[in-house]
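Working notes, beginning with the structure itself.
The values are calculated or read from the model by the stated rules, or taken from the named source; none is laboratory data. All figures in this text were calculated on a predicted structure; none of them were measured in a lab. Neighbour counts run over all protein chains shown; Cβ positions are idealised from the backbone, glycine included. Keep in mind that these areas ignore ligands, DNA and RNA; they rest on the heavy atoms of the full protein, side chains included. Shrake-Rupley method; radii C 1.70, N 1.55, O 1.52, S 1.80 Å.
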Amino acid sequence: MFKTILKPFAKLFDFQARTHYRMERHSMALTAGIIVAASIGGFVEIAPLFSIDDTVEDVPDMRIYTPLEQAGRDIYIREGCYACHSQMIRSLRDEVERYGPYSLAVESKYDHPMLWGSKRTGPDLARVGDKFSDDWQVRHLVNPRNLVPESVMPQYAFLLETELKTSDMPGRLAALRAVGVPYTDEMIENAENDMKGQARPETEAADAVMDRYGDDTAVRFFDGRRDRVTEMDAVVAYLQILGNLTDLAQTSQPQAEE
Amino acid sequence: MMSNLTGAERTTAMTIAGFGALIGLAMAAAGHGDPMGVHGWIVLAFFGVLFFIVASALYSPEPVEDRALSYYDDPTKVGIILALIWAVVGMFMGVWVASQLAWPDLRFEGAWSGFGRLRPVHTSGVIFGFGGNALIATSYHIMQRTSRARMPGQISPWFVLLGFNLFCILAASGYVMGVTQSKEYAEAEWYADIWLVVVWVVYFILYMRTLSRRNEPHIYVANWYYLSFILVVAILHIVNNLAVPASWTGAKSYSLFSGVQDAMTQWWYGHNAVAFFLTTGFLGMLYYFLPKRAGRPIYSYRLSILSFWGIVFFYIWVGSHHLHYTALPHWVQTLGMTFSVMLLVPSWASAGNALMTLNGAWGKVRDDATLRFMMMAAVFYGLSTFEGSFMAIRPVNGLSHYTDWTVGHVHAGAMGWVALITFGSIYALTPVLWRRETMYSWKAVEWHFWLALSGTVIYVFSMWNSGIIQGLMWRTYTETGTLKFSFVDSLVAMHPYYIARAFGGLLFLTGACICLWNVVMTILHVPQKAPELDYPTSSEAMEPALPAAE
Amino acid sequence: MSVKEHDPLTGHQTTGHEWNGITELNTRVPRAIWFFVIVTHLYALVTWILLPTWPLVTTYTKGILGIDQHEQVAKQVVAANVARADWADQIVTMPTDEILGDTVLMSRVNATAHQIFGDNCAACHGRDAAGGPGFPRLIDDAWLWGGDTDAIMETLRVGINSTHPDTRYSQMLAFGRDGMLGREDIRIVIDYVQSLSGIAPSDTPVSPERISAGEEIYLDNCAACHADDGTGDMEQGAPNLADQAWIYGGDKDALFETIWNGRQGWMPSWETRLSEVERKTLAVYLARLGQEATQ
Ligand code: HEM
Ligand code: HEM
Ligand SMILES: [Ca+2]
Ligand SMILES: [Ca+2]
Ligand SMILES: [Cu+2]
């Protein structure tokens, strides 16, 4: 039975093998063959992600990162937090019950690059924003084992001691605009001041941040220090915005209630 | 080494090195105050050293005999040594980061020694440093032998090998300084990425030119695989690294894509880095060294065709199996899952082809640790591809994703397959390359084999255990229908496995150190012996390419 | 060199080529391979028909099962809520005392609370709810806002000094930093505060004059919140200073820091993150832990 089914295939393959036998004498033919064979799949999977509309949800009020938050994100990348923390709650019941509504495509729409992660040595952070206090985040980063004795997370105490570099932020926002994040000229020009303002609630610069990025912007002494703006301010500001860029996920999904 | 270059070639080499040093100087000046500046100094030092090496031998005697009569093996030799050095460095970093997960305070004060910064040093160190150098070196060896032709240039092989190592150095030193794009296996920043493109184009040209000089009508299977490795890695690298630098004088850049599109591009790249870096290149190695060592013909040419094209075509589709249940649209996930399952057949076809080739040589496998390395590699290749296809099935991935199970799978492939085939090939290659009678110590090879095997088994088993426990704990429900364990509960359960893994890794690292030692001792202490018939020839009777008298 | 030869061992023909000593047999592809090619392709084909798979420029094939991952998990979550509804409703509506006495419901609470507490609260209050520097112990009788279930439920719902619009709000003023009290005054009031809770005021006994000077400062500055006798005010979340429970510590250094720089603990709001059942479950769980701790 199997033999008869197979016959036409075997014939076809015989033909192919003979063709191949001739083709493999030409390195350019081999090159062309490889390029063609290896291009199809990628094209079919990636190109439609740009052309199929419902790939990314439409959310008009989707927020962009403030310069301070973006700086925090850059530090998050620099320190390799993504090596242990995912930012992608999968559409599985246990993940939704543990971490909250599953992540939507739109939530990483302005993430260049995305930080979905591939390993959870630590918990998912997609919705960690506002889950803990600034003070907790600071103390946890300074030494995780002070708060969670079982933790294997590294200490990042130096963040609290390192003054935040603001001078390259306008360039960074401009680059982000070049890849599609809607920063305005004004935002780019004032990036440095906005960074400091967001971490200094008592200054006028703080009001300016709210004007530019919305009244919901968190303006606080994130690192608890009043005297200077540190890298810790940036990282905590970033962590506190995770999951809060849009509330579409919370409003559109049924919530687990136990 | 220098005596194989003519005066003109030495001048060219010096010009290139001088030009590179200038670029380094420019980077150092422009990137002052940014890690890019440090990279500038590294580039300057790198080319500076090369410049002086060449300069100091500029007027030494030129080659007298006709170089076309022999294969060009100097770059291969250096490549093999570099691969082994990177193996020791990269695996040491592996053992270190593994230990940090068991004992998190095992680090220095500085930011550089945190897990997040060291982990990519390990992954890039072993994949690119160890794997990449081994691939480049063996490809030089194999393309010349199977084409019966010497490589065309004298400079370009060096340019590719050393240029690639410069890329590795920039990548690894960058991670330690916090320079990273965060894209797994493509973390290096924009200028290193651009440099790699230059190196890779030269590599491709070199490969094609050697093939075009061949004295054998057909191109051997191993070369198909190397060619696909070179070509597809180029495509992947260029597309996934598209980015806009925040400034031309700083290291930071932002990926062109964002969110879903970026995720799909990243894992299209990431998976195919596995496919075309960690698989096809090493299959090329397997297809040459295994039959050679076993002294047996390849079991089936037809199977080679089927598995080669199957691998090239199917692999490209499966990247989305890294994104199951995520915000990536469901349809792409289905494609990734089904193609991963179909991919199993060509994968097993190549593993089977290798193992069946050993028919008639099993006695040798028993006695010869070198061949045993290759045999084990084929077994692990089959094992990890089976596991991979299994993990690509959505519900299975629901459990395995994000856990140590993935890490276990990775290392079954990386240690069991990639590293074992490389070590086997190095043991087969070293005596031939350096014209030695034999390896310095066969006992040491035997030791290495058992250390590597037991290290891999301990590593993989502990990660299977921890991964599955972790995955299950995250989704265990009480009878009440609520989750049973908190995240920290699962973290506590991992501790013993993390210790076991670090131990397994230590065994494996010990083996790698023994290998480096053994190769060095072979070069230093084993008597010379010229092999017969190891020269380029266009004649069927295996005479040198040109009569020696000319 | 294309003389086809036969391999003596297998009898198969070679392809007739030789590369540096390597030859290839032209063996037919084994049947098992074809078998698996067919099986895996059939599997793929069936899957493509059933599930969303092929992109079509602006849309994609939906698959005849009509499955979508997001709808699937939504269904599961709703079904899980329904499955838990019987006891979940009881937990919400029944008074805590009754739940504590109901072994069936308590088994639900115990099974449920461990994970919720572990993933949400333990980071601050410790895995055993025993608190830590800056985070109150939840298993004693000292409460900022009240220890009955309603008060705790409200604390959990809105949080303390959190981002919730109705948050409980409290602040310990920064008497030193803001220039209301000098260093010496603060040292004096510290001695008084310590005397309230009967902490042995270190080796050197404090003179009664100093204590009464402290009392004066206290009554002028602190009593509005912490009450005249130091027992605190649950209306404002001002802690009892006359007991042994401390959030930030009762030693001189900690007290100085508290009074000089002020305090404003942040307890997150759990209204959106945890459902009412979950919050009630936690309240009951804390009540149980409290009972056990005092026994
Ligand atoms: C001495 C032996 C080795 C040890 C102790 C070791 C240890 C580790 C550790 C601890 C991690 C991080 C896992 C995590 O984040 O939980 C890792 C990741 C990785 N290692 Fe190794 N490793 C070793 C050898 C190798 C070799 C030889 C290769 C490749 C040729 C390799 C490739 C990788 C890759 C690709 C990853 C990333 C895995 C992922 O992201 O899922 N390793 N290794
Ligand atoms: C048929 C062949 C294979 C298939 C279908 C396959 C499939 C998979 C799957 C499903 C994952 C887990 C993705 C996730 O949940 O995050 C994975 C991860 C991985 N596999 Fe394989 N695998 C195959 C062969 C190999 C081989 C031979 C290697 C060799 C080293 C390898 C290296 C890796 C690496 C490095 C990762 C980790 C990627 C990351 O998350 O960083 N795989 N593979
Ligand atoms: Ca990974
Ligand atoms: Ca890169
Ligand atoms: Cu993969």
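Nearest 100 Å² is fine: what is the total accessible surface buried where chains A and B meet, probe 1.4 Å? Intermediate results must be reported in sequence, preceding the final value.
Values: alone 15760 and 23180 Å², together 31090 Å².
Buried area between the two chains comes out at roughly 7900 Å².
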* **Rounded tilt (10° steps) of B:301-315 against the dominant C-alpha axis of chain B** => 50 degrees
* Asked: Accessible area per residue, 1.4 Å probe, Å², for the stretch B:75-529: what's the number?
  -> 26 Å²
* Structure fact -> Ordered by number, the residues of the stretch B:480-495 that have at least 10 Å² less accessible area in the complete protein assembly than on their own chain alone (1.4 Å probe) are B:THR480, B:GLY481, B:THR482, B:LEU483, B:LYS484, B:PHE485, B:SER486, B:PHE487, B:VAL488, B:ASP489, B:LEU491, B:VAL492
* Asked: Which of the residues in the stretch B:329-373 show a loss of at least 40 Å² in accessible area from their chain by itself to the complete set of protein chains, at a probe of 1.4 Å?
  -> B:HIS330, B:TRP331, B:THR334, B:LEU335, B:THR338, B:VAL341, B:MET342, B:VAL345
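Under a point-charge model restricted to the Cβ atoms of Lys and Arg (+1) and Asp and Glu (-1), what is the dipole moment magnitude of the stretch B:40-185 relative to its Cα centre, in debye to the nearest 20?
Working: 9 positive and 8 negative charges, 64 e Å.
The calculated dipole for the stretch B:40-185 is roughly 300 debye.
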* Structure fact -> Listed residues C:VAL284, C:VAL92, C:VAL206; largest mean-square fluctuation, Gaussian network over chain C with Cα springs below 10 Å, found at C:VAL206
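Rounded to the nearest 0.05, what FRET efficiency is calculated for A:PHE9 and B:GLU532 with R0 set to 45 Å and r the Cβ-Cβ distance?
Values: r = 44 Å, r/R0 = 0.99.
Efficiency computed from Cβ-Cβ geometry: 0.50.
Which of the peptides B:49-62, C:117-130 is most tightly packed, and how do the rest follow, going by the mean number of other Cβ atoms within 10 Å of each residue? Spell out each step's value before the answer.
Numbers: B:49-62: 13.8, C:117-130: 19.9.
Put in order of decreasing packing, that is C:117-130, B:49-62.
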* Label points 7 Å out from Cα along the Cβ direction at C:SER207 and B:LEU22: separation in nm? -> 8.4 nm
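Quick one: which of A:LYS109/A:LYS131; A:LYS11/C:LYS62; C:LYS252/C:LYS280 span more than 31 angstrom between C-alpha atoms?
Numbers: A:LYS109/A:LYS131 22 Å; A:LYS11/C:LYS62 35 Å; C:LYS252/C:LYS280 38 Å.
From A:LYS109/A:LYS131; A:LYS11/C:LYS62; C:LYS252/C:LYS280, over 31 Å: A:LYS11/C:LYS62; C:LYS252/C:LYS280.
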* Tilt of helix B:74-102 relative to the longest C-alpha principal axis of chain B, in degrees (0 to 90, nearest 10)? -> 20 degrees
* To do: Compare the Cα positions of C:ALA213, C:ILE188, C:GLY230 along the charge dipole of the stretch C:183-261 (+1 at Cβ of Lys, Arg; -1 at Cβ of Asp, Glu; about the Cα centre) and return the one farthest towards the positive end.
  => C:ILE188
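Are there GluC sites (Glu not before Pro) in the stretch A:119-175 that DSSP puts in a loop and that have at most 11 other Cβ atoms within 10 Å, and which ones? Walk me through the numbers on the way to the answer.
Details: sites: A:GLU150, A:GLU161, A:GLU163; in loops: A:GLU150.
Counting only loop positions with at most 11 other Cβ atoms within 10 Å, none of the GluC sites (Glu not before Pro) in the stretch A:119-175 qualifies.
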* Structure fact -> Quick shape check on the stretch A:2-55: root eigenvalues a ≥ b ≥ c of the Cα gyration tensor, a/c under 1.5 is rounded, otherwise prolate if a/b tops b/c, else oblate, and it reads oblate
* Structure fact -> Log entry, pair B-C: total buried accessible area, probe 1.4 Å, protein chains only, in Å² rounded to 100, is 4600 Å²
* Asked: At a 1.4 Å probe, what is the % contribution of carbon and sulfur to the accessible area of the protein assembly as shown?
  -> 63 percent
* Asked: How many partner chain Cβ atoms sit within 10 Å of a residue's Cβ in peptide C:107-113, on average, as a whole number?
  -> 4
* **Cα-based reach from A:LYS119 at 13 Å (exclusive), listing aspartates and glutamates while leaving out same-chain residues under 8 positions away** => B:GLU184, B:ASP404
* Asked: How high is the FRET efficiency from C:ASP86 to C:LYS62, r the C-beta distance, R0 35 Å, rounded to 0.05?
  -> 0.45
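Using only the Cα atoms of the stretch B:75-529, build the gyration tensor, take square roots of its eigenvalues as a ≥ b ≥ c, and label the shape rounded, prolate or oblate: rounded if a/c is under 1.5, else prolate if a/b is larger than b/c, else oblate. The partial results should precede the final answer.
Working: a/c = 1.41, a/b = 1.32, b/c = 1.07.
Since a/c stays below 1.5, the shape of the stretch B:75-529 is classed as rounded.
What does the charge add up to near B:SER156, with Lys and Arg as +1, Asp and Glu as -1, over the other residues with Cβ less than 14 Å from its Cβ? Let's see the in-between values first.
Working: positive: B:ARG150, B:ARG209, B:ARG213; negative: B:GLU9, B:ASP74.
Overall, the nearby charge balance is +1.
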* Structure fact -> Of the candidates A:PHE221, A:CYS81, A:GLY197, the farthest towards the positive dipole end of chain A (Lys/Arg Cβ +1, Asp/Glu Cβ -1, centred on the Cα centre) is A:CYS81
* Taking only protein heavy atoms and a 1.4 Å probe, what accessible area per residue, in Å², does the stretch C:183-261 have with all protein chains in place? -> 53 Å²
* **Debye, to nearest 20: dipole size of the protein assembly as shown, +1 on Lys, Arg Cβ, -1 on Asp, Glu Cβ** => 6640 debye
* Any lysines with Cα under 19 Å of the A:LYS165 Cα? List them, leaving off those in the same chain fewer than 8 positions away. => A:LYS196, B:LYS252
* Kindly list the residues of the stretch C:222-263 that lie in the label zone of C:ALA293, defined by a backbone N under 19 Å from the point 7 Å along the Cα-to-C-beta vector. => C:232-234, C:237-251
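Give me the accessible area per residue for the stretch A:67-252, probe 1.4 Å, as a whole number in Å².
Values: 5950 Å² over 186 residues.
Value returned for the stretch A:67-252: 32 Å² of accessible area per residue.
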* Structure fact -> Here, B:THR438 and A:ARG228, labelled 7 Å along Cα→Cβ, have an inter-label distance in nm of 6.6 nm
* **Shape category assigned to the stretch A:67-252 from the gyration tensor of Cα positions, a/c cut at 1.5** => oblate
* Structure fact -> Scoring only Lys, Arg, Asp and Glu (+1, +1, -1, -1) among other residues with Cβ under 12 Å from the Cβ of B:PRO329 yields -4
* Signed unit charges on C-beta, dipole axis of the protein assembly as shown, positive-most listed residue C:THR47, A:MET1, B:LEU118 -> A:MET1
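Calculated from DSSP H runs of 4 or more alone, at -39500 (n - 2.57) each and per residue, what is the 222 nm mean residue ellipticity of the protein assembly as shown, nearest 500?
On the way: 43 runs with 644 residues, N = 1103.
Using -39500 (n - 2.57) per qualifying helix, the result is -19000 deg cm²/dmol.
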* Hey, which lysines would be in cross-link range of B:LYS292, C-alpha to C-alpha under 21 Å, not counting anything within fewer than 8 residues on its own chain? -> B:LYS77, B:LYS364, B:LYS529, C:LYS4
* To do: Quote to one decimal, in nm, the extra length available between C:VAL46 and C:ASP220 on full extension: 0.36 nm per residue of separation minus the C-alpha distance between them.
  => 54.5 nm
* Ignoring ligands, DNA and RNA, how much accessible area is buried between chains C and A, both sides summed, with a 1.4 Å probe, to the nearest 100 Å²? -> 3900 Å²
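If you put +1 on each Lys and Arg Cβ and -1 on each Asp and Glu Cβ, how big is the dipole of the stretch A:67-252 around its Cα centre, in Debye rounded to 20?
In debye, rounded to 20, the stretch A:67-252 gives about 780.
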